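Beneath this line is the structure, given in structure tokens, with notes to follow.
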Amino acid sequence: MELPAGLSQLTFTQQPCAVSCSTQFQDVQSANTFNPYVHCLTCRGIITGYGCGLAVGEPCVCPTKNPYFRPYADVTRGQASKMVAKSVGFNESISGQTFQDVSPANPFYLEIEQLVRRGYVTGYPCGGPGEPCVAGRPYFRPFWPVTRGQLAKIVSNTANFFESVSGQRFDDVPPTHTFYLFIQRLANRNVMTGYADGTFRPNANATRGQTSKIVSNSFFPGCENAPLGPIPTPDGSPEGPEIPTPPPTMPAPIETEEPVLP
């Protein structure tokens with residue numbers, strides 16, 4: 001993929017995680033399906049959580065008062081962008097503004113700009129409901145959920161997975177599907193899996209737990225097998241605002257774990 005002038009393509013080599021740490025989220029205990037992947041990204045400083053006592057159903061449990069990760073909540077487009085950009089190691093400074101709804105004050109501004117300027121993410125044309133055209137800028141919708149198909153494209157491109165693919169792994173992702181290439185590339189690497197009924201559900205929202213698994217498998221393969229040990233005490237600061245209210249046209253969130261295909 002040819003990048004715009006002034007931007008470099010990192011030569012990305014997958015490396016197992018060598019650090020040792022433990023996951024200390026109240027809602028992601030050792031038996032949780034996503035625990036190894038959340039642990040992997042937490043110990044590398046890729047993700048954080050939410051302080052206890054901030055939301056209904058998330059009490060502070062003494063004596064540790066561990067934070068919460070919310071593994072079955074939708075991951076937003078901004079959060080996913082931040083996780084991916086930090087995982088691959090983009091670190092250049094940014095100026096200017098591509099999207100009308102992602103100003104330099106936005107908590108995800110840096111990572112979204114790093115991805116869009118490399119062509120790894122795109123946005124939506126202005127002019128829709130609640131998205132007036134201002135200086136012709138498109139909108140990114142950083143607090144909307146990211147779908148499983150969209151996430152596959154972002155991760156596949158950023159990880160430099162560009163090989164040709166063939167065949168069909170999932171009943172609902174034929175070769176004509178918008179995200180076919182990206183889903184096949186990740187599925188062929190066992191980065192993403194589907195559901196027991198043979199579907200992938202590309203239009204379903206990706207959860208925070210699923211995203212942790214996909215990002216960990218793509219950028220830090222084997223990291224989930226790192227030994228456990230102490231990690232710095234989380235400061236309880238959130239990764240960014242949750243989506244306030246999902247738009248009525250968005251699909252209902254998937255509140256189940258991602259089953260592994262046989």
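Nothing in this text is a laboratory measurement; each read-out follows from the coordinates by a stated rule. Every value quoted in this text rests on a predicted model; they were computed, and no experiment measured them. So basically every Cβ, Gly included, is an ideal-geometry build from the backbone, and we count neighbours across all protein chains shown.
Using each residue's phi in the stretch 161-175, evaluate 6.51 cos²θ - 1.76 cosθ + 1.60 at θ = phi - 60° and report the 3J(HN,Hα) Karplus result to the nearest Hz, with x for Gly and Pro.
Per-residue couplings from phi come out as 8, 10, 6, 6, 10, 8, x, 9, 7, 10, 4, 9, 10, x, x Hz.
Provide D171, D74 in ascending order of the number of other Cβ atoms located within 10 Å of each residue's Cβ, fewest first. Provide the component values of the computation, followed by the final result.
Numbers: D171 12, D74 27.
Taking fewest neighbouring Cβ atoms as first place, the list is D171, D74.
Based only on the alpha carbon positions, what is the Kirkwood hydrodynamic radius of the stretch 26-111, in angstrom? The partial results should precede the final answer.
Numbers: mean 1/r = 0.0672 Å⁻¹.
That comes to 14.9 Å for the stretch 26-111.
Kindly provide the GluC sites (Glu not before Pro) of the stretch 56-126 that DSSP labels as loop, not H, G, I, E or B, and whose Cβ sees at most 12 other Cβ atoms within 10 Å. Walk me through the intermediate numbers first.
Values: sites: E92, E111, E113; in loops: E92.
Qualifying residues, ordered by number: E92.
Name the residues whose placed amide hydrogens come within less than 5 Å of the amide hydrogen of T207, ignoring near sequence neighbours (fewer than 5 apart) on the same chain.
Result for T207 returns V75.
Under the Karplus relation 6.51 cos²θ - 1.76 cosθ + 1.60, θ = phi - 60°, what is the ordered set of whole-Hz ³J(HN,Hα) values for the stretch 50-66, x standing for Gly and Pro?
10, x, 5, x, 8, 9, 4, x, 10, x, 7, 9, 6, x, 7, 6, 5
Hey, what do the phi angles of the stretch 32-45 turn into as Karplus ³J(HN,Hα) couplings, whole Hz, using 6.51/-1.76/1.60 and θ = phi - 60°, x for Gly and Pro?
Ordered by residue, 3J(HN,Hα) equals 5, 3, 8, 3, x, 7, 5, 4, 4, 6, 5, 5, 9, x Hz.
For a footprinting-style exposure proxy, rank I46, I112 by other Cβ within 10 Å, fewest first.
On the way: I46 21, I112 26.
Placing the least packed residue first, the sequence is I46, I112.
Report the local net charge at F179: Lys and Arg +1, Asp and Glu -1, summed over other residues whose C-beta lies under 14 Å from its C-beta.
Numbers: positive: R148, K153, R169, R185, R201; negative: D172.
With Lys, Arg at +1 and Asp, Glu at -1, the neighbours total +4.
Arranged from highest to lowest average of other beta-carbon atoms within 10 Å per residue, in what order do the peptides 199-205, 154-160 appear?
154-160, 199-205
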